[in-house]
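Trainee: Right, I'll just put the structure down here and ask away after.
The values are calculated or read from the model by the stated rules, or taken from the named source; none is laboratory data. In this text the structure is predicted, and so the values were computed from the model without any measurement. Positions of Cβ are backbone-derived with ideal geometry, glycine not excepted, and every protein chain shown enters the neighbour counts.
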Amino acid sequence: MKDGRRPDLILLLVPILISLIGLFFLSSASWRQGQPLDQSLVFKQVFWMAAAAVLVLFSLRYHYRFLLNLAWVLYAVTLLLLILVLFMPARLGASRWIAIGSFNIQPSELAKLSVPVVLAALMQDREFGLFNKRDYWKPVLAVIVPALLILKEPDLGTGLLFIPVLLSMLVVAGFPVRWILSVMAAGAAASPFLFHHLKTYQKLRILTFLDPERDPLGSGYTIIQSKIAIGSGGLFGKGLFAGTQNQLRFLPEKHTDFIFSVIGEEGGFIAASIVVLAYWLIIARGYHTAAECPNRFGRLLAVGITTLLATQAVVNICMTLGLLPVVGMPLFMVSYGGSSVIMSLFLIGLIMNIGMRREPFL
Amino acid sequence: MNKIRVLFLIFSLAFAWILTALFKMQVLDYSMYLEKSERNRIRPTVLEAPRGVIRDRTGRELVSNRLAFDCYAIPYKSGEETALRRLAPILKLSESKLLERYASRKRGALTPILLSNDVSPETAIRIEESAWDLPNVYIETRPIREYRLGEAAAHITGYIGAIGDEEYDHRRGFGFRFTDWLGRSGLERVYDGYLRGEHGVEQFEADSRGRLLRVLDVRERVQGRSLDLTIDQDLQRFTYELMKETPGAVVVMELEKGGILALVSSPSYDPNIFVRSRLEAQRIRQTLKDPLKPLLNRALIGEYPPGSTFKIISALAALQANAISGSTRFFCPGSFYLGGFRFGCWKKEGHGSQDLLEAIEHSCNVFFFNTGMKTGPDAIARMSRSFGLGELARLDLGMEGKGLVPDPKWKEKTFKEKWYAGETANFAIGQGHLLTTPLQMVRAAAVIATGGRVLHPYIVSRVEGVDISPSQVRKVRLDSADLALVRRGMERVVASDAGTGQKARSEDFAIAGKTGTAQAPNGEDHAWFIGYAPAGEPRVAIVVFAERGGMGGMVSAPIAGKIFGFMRELGYF
């Protein structure tokens, strides 16, 4: 890499740390008596992580500008898959996966790459939006279409995820902040109307969030149990495999969305805060890379990706703490799930890539 | 860039907020959450739904649910032994046996251990009274199936069995639990979907000792839907008593709509043993291994040659085809020669010259050999099929035999051989390849009794009050003169002193019927009787079949007579 720099060490090592920690707690959350090792979730997770690592190492050899060339192809493929997935049979009440052989592909994960890339591609011109405010409709539209498709699956969490991504990239691209604030105000004013259009169980989740005790056996159950799990972990935690809430199966979805509750219960405040700080470090390096990047495309892309990852982590953890309503949002690198693991590691690799190429190319 | 810094700041604040919340929950509020997690062992208990009851036509319950009391113990950290020692005499077990059972059945740290199944109510009360001395022992109630008629109605009710692993895997997505029961035979099986109710759930908080603290939520269980049958309980019992030592089957059908009043298959078994499978394991094994196959419903599945009972159908076929008339006479010398083969009549000396009425009365084979040869196998087969032979009767009780109505085309296809003339002769007297089930035969008798209605037999008249009795009836066009002739013949079978069915005779009312003694290879003949009563205005039809029972007139006819007599007492006619 003749014009590049060394990859960011923190971005290299911290994800490995989080992934390893995650594997420990995943094995606790998912063990089943007498299950052969090669069928266990942990084994599969390791496989995905290894595959992701290979993919990342391979992609680092190439300048990230290859994405710029592929941007619209990626976007088109994403839209296609998102439409296709709506026709797939629903699993657990949602059509989120396309099954190919024994693999399940989640198109919404692909959107996490293609949407920021396309947004960055649209807004990379230095004169974007400067003279013609109408330019700003393009990125908004580019986000609305996949977001609506994702919301239709239904996947509320991932669908809404693109709002902060879009807003952060618009701001960095020069969109007037006043406008952002008025949009947010308008959103807040419209929320009762939007609330009405949510599906029943989604409405229930928000109401339960505001008062978990109103339905302790139904939707409030998860939040109550999660808080008990985390709180009763104390400073040092109950020990790996020894969390009573976890082992007694009080926690639903504990190997996916609520894996952090397992960390809190079995690892205590120490483990939980290490994990939180680790994510914070990744976010810090992400924004640092963005700030240091001399060209717009790279900067916008880094901002978008970092905001995406940051939002995911914050929302998931806040969900387990009862600080936000329950939405389907995994904790990347820790929750079980092949698509999520590969995409999030690839995105971090992309930030590394951006950080390694410091020369301006536009 | 400042904007990026601001973004980073916003998220950093979020992370800081998270850390603060974590600190509050895990450090400041730790003891509260710890207590909750200790205390708050929310356990959902399934409230098992009782299955729907099954009632007979008088509204009395045939199959119901009673309460069973099971004794459980929660594994306790210490002091288990003393409690168990105190419990042993109450359960009427030796201390060592109880301790051994406790140790061998222990699963996890929190799984209750079943100590004793289905204890008596008195024992259950004593255990509850001693709650203070037996802190980790408790009684759980569940509904248990009770078959009030036991063996007498086993083939109607069927029985239930615990769900198997594979069956559970297939069904768990539909809300089944691994402790569920499935109907395995009879009505329990056919109507399983209606009979099973919906389990309820009770969520309660239990402390680490498993003590109930407060009920959080209850979803009530829903009992399964009830069935009202056409069966008459008293008639069923009476019929079973008559048949219990005689392998075979009896079916009694009312002629208005085709409802089954009684259905017995012998030998039978007690369905209650399957419900208490742990205690009755040995009896269950014996029942399953019994070479007489008590679980088989002979009334529905057993396919046998009908013998002379079939003659009424071949008579009608002959009359219909104008092959004979009421005045046609044939001479019976005791045997009939065809193509070098000798077909014998059961009366070696022969019956002499007879017309149709006398031939039916005496059940003369030779008369019917002649008749059959003149009618031809196709016409006989056609009439058989319109009487419902060779097809499923579709009773809502379980698997049925289809029987077999042979004809030349069938033989060509199946055996690649031509139909021999002699087979027509055999066919006409209900032997040869012809096979029928007792159910088909009572339906055939009903066709004659009702003047051509091929009734659809049914056992369940209402499901949870909703009428499901069949509404449509197939009709066979029979010449009324022909029909009257055959009916008169059947009346004479019982009324006349020369009739083969005279042992069915009753003093108070007239019965019409036909006996049959069907030859079957490797053993005794099958004894048949089909008939209806009262002969003038038929209300009920019957089939009595004794497997390898001997002569129809000697074995089956008297049983039919007694059953009709009892029905008279019950007021059916």
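Trainee: Looking at (1) modelled with pLDDT under 95; (2) under 30 Å from A:Leu166 (Cα atoms), which is the one condition that is false for A:Trp280?
Mentor: (1)
Trainee: Being more than 14 Å from chain A (Cβ to nearest Cβ), on the phi < 0 side of the Ramachandran plot and modelled with pLDDT under 95 narrows it down to one residue among B:Lys36, B:Lys3, B:Lys106, B:Lys24; which is it?
Mentor: Of the residues listed, the single one that is more than 14 Å from chain A (Cβ to nearest Cβ), on the phi < 0 side of the Ramachandran plot and modelled with pLDDT under 95 is B:Lys106.
Trainee: Only one residue in A:Leu347, A:Leu300, A:Leu331, A:Leu308 is under 23 Å from A:Val115 (Cβ atoms) and away from chain B (no Cβ under 14 Å), so which one is that?
Mentor: Only one candidate qualifies: A:Leu347.
Trainee: With segment B:363-451 as the region, which helices (runs of 4 or more DSSP H) entirely inside it contain at least 1 residues that are closer than 23 Å to B:Glu491 by Cβ?
Mentor: Counting at least 1 such residues, we get B:365-375, B:377-386, B:421-428, B:438-449.
Trainee: Just the residues that are in contact with a strand residue (DSSP E or B) (Cβ under 8 Å, 6 or more places away or on another chain) and either crowded, with 20+ Cβ neighbours inside 10 Å or on the phi > 0 side of the Ramachandran plot (or both), please, taken from segment B:387-425.
Mentor: Answer for segment B:387-425, where residues must be in contact with a strand residue (DSSP E or B) (Cβ under 8 Å, 6 or more places away or on another chain) and either crowded, with 20+ Cβ neighbours inside 10 Å or on the phi > 0 side of the Ramachandran plot (or both): B:Phe387, B:Gly388, B:Leu389, B:Gly390, B:Leu395, B:Leu397, B:Gly401, B:Gly403, B:Ala425.
Trainee: Restricting to segment B:530-573, what's the tally of residues that are within 17 Å of B:Thr500 (Cα to Cα), surrounded by fewer than 24 Cβ atoms within 10 Å (Cβ to Cβ) and touching a His at 6+ places or on another chain (Cβ under 9 Å)?
Mentor: 2
Yes or no, residue by residue, for (1) at pLDDT 90 or above; (2) closer than 15 Å to A:Ala120 by Cβ:
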position	(1), (2)
A:His288	yes, no
A:Val315	yes, no
A:Pro325	no, no
A:Ile354	yes, yes
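Trainee: Have a look at A:Tyr336, A:Tyr279 and point out the one that is in contact (Cβ under 8 Å) with a residue 24 or more places away in the chain, hydroxyl-bearing (Ser, Thr, Tyr) and in a loop (DSSP other than H, G, I, E, B).
Mentor: Only one candidate passes the filter, namely A:Tyr336.
Trainee: Moving on to the next point. Six or more apart or on different chains, Cβ under 8 Å: which pairs go from a residue in segment B:1-19 that's within 24 Å of A:Phe269 (Cβ to Cβ) to one that's outside any helix (DSSP H, G or I)? Could you list them?
Mentor: Between residues of segment B:1-19 that are within 24 Å of A:Phe269 (Cβ to Cβ) and residues that are outside any helix (DSSP H, G or I), the close pairs are B:Trp17/A:Leu323; B:Ile18/A:Leu321; B:Ile18/A:Leu323.
Trainee: All but one of (1) within 20 Å of A:Arg65 (Cβ to Cβ); (2) of a type in the set (Val, Ile, Thr); (3) not in a helix (DSSP H, G or I) hold for A:Val327, so report the exception by its number.
Mentor: The single condition A:Val327 does not satisfy is (1).
Trainee: Moving on to the next point. Here is a check on your reading of the model: is B:Gly489 buried (at least 22 other Cβ atoms within 10 Å of the Cβ), of a type in the set (Gly, Ala, Ser) and in contact (Cβ under 8 Å) with a residue 24 or more places away in the chain?
Mentor: yes
Trainee: Quick one: B:Leu338 ticks every box in (1) on the phi > 0 side of the Ramachandran plot; (2) in contact (Cβ under 8 Å) with a residue 40 or more places away in the chain except a single one, so which number is it?
Mentor: The one condition B:Leu338 does not meet is (1).
Trainee: Still on this model: Scan segment B:178-196 for residues that are surrounded by 18 or more Cβ atoms within 10 Å (Cβ to Cβ) and at pLDDT below 90 and jot them down.
Mentor: Answer for segment B:178-196, where residues must be surrounded by 18 or more Cβ atoms within 10 Å (Cβ to Cβ) and at pLDDT below 90: B:Asp180, B:Trp181.
Trainee: Out of all the residues in segment B:50-68, is one or more out of contact with any helix residue (DSSP H, G or I) (no Cβ under 9 Å at 6 or more places or on another chain), of a type in the set (D, E, K, R), more than 8 Å from chain A (Cβ to nearest Cβ) and outside any strand (DSSP E or B)?
Mentor: No, segment B:50-68 contains no residue that is out of contact with any helix residue (DSSP H, G or I) (no Cβ under 9 Å at 6 or more places or on another chain), of a type in the set (D, E, K, R), more than 8 Å from chain A (Cβ to nearest Cβ) and outside any strand (DSSP E or B).
Trainee: Inside segment B:512-532, can you point out the residues that are closer than 13 Å to B:Val493 by Cα and out of contact with any Asp or Glu (no Cβ under 8 Å at 6 or more places or on another chain)?
Mentor: Answer for segment B:512-532, where residues must be closer than 13 Å to B:Val493 by Cα and out of contact with any Asp or Glu (no Cβ under 8 Å at 6 or more places or on another chain): B:Gly513, B:Lys514, B:Thr515, B:Gly516, B:Phe529, B:Ile530, B:Gly531, B:Tyr532.
Trainee: Separate question: Looking at (1) in a helix (DSSP H, G or I); (2) in contact with a strand residue (DSSP E or B) (Cβ under 7 Å, 6 or more places away or on another chain), which is the one condition that is false for B:Arg86?
Mentor: Just one mismatch for B:Arg86, condition (2).
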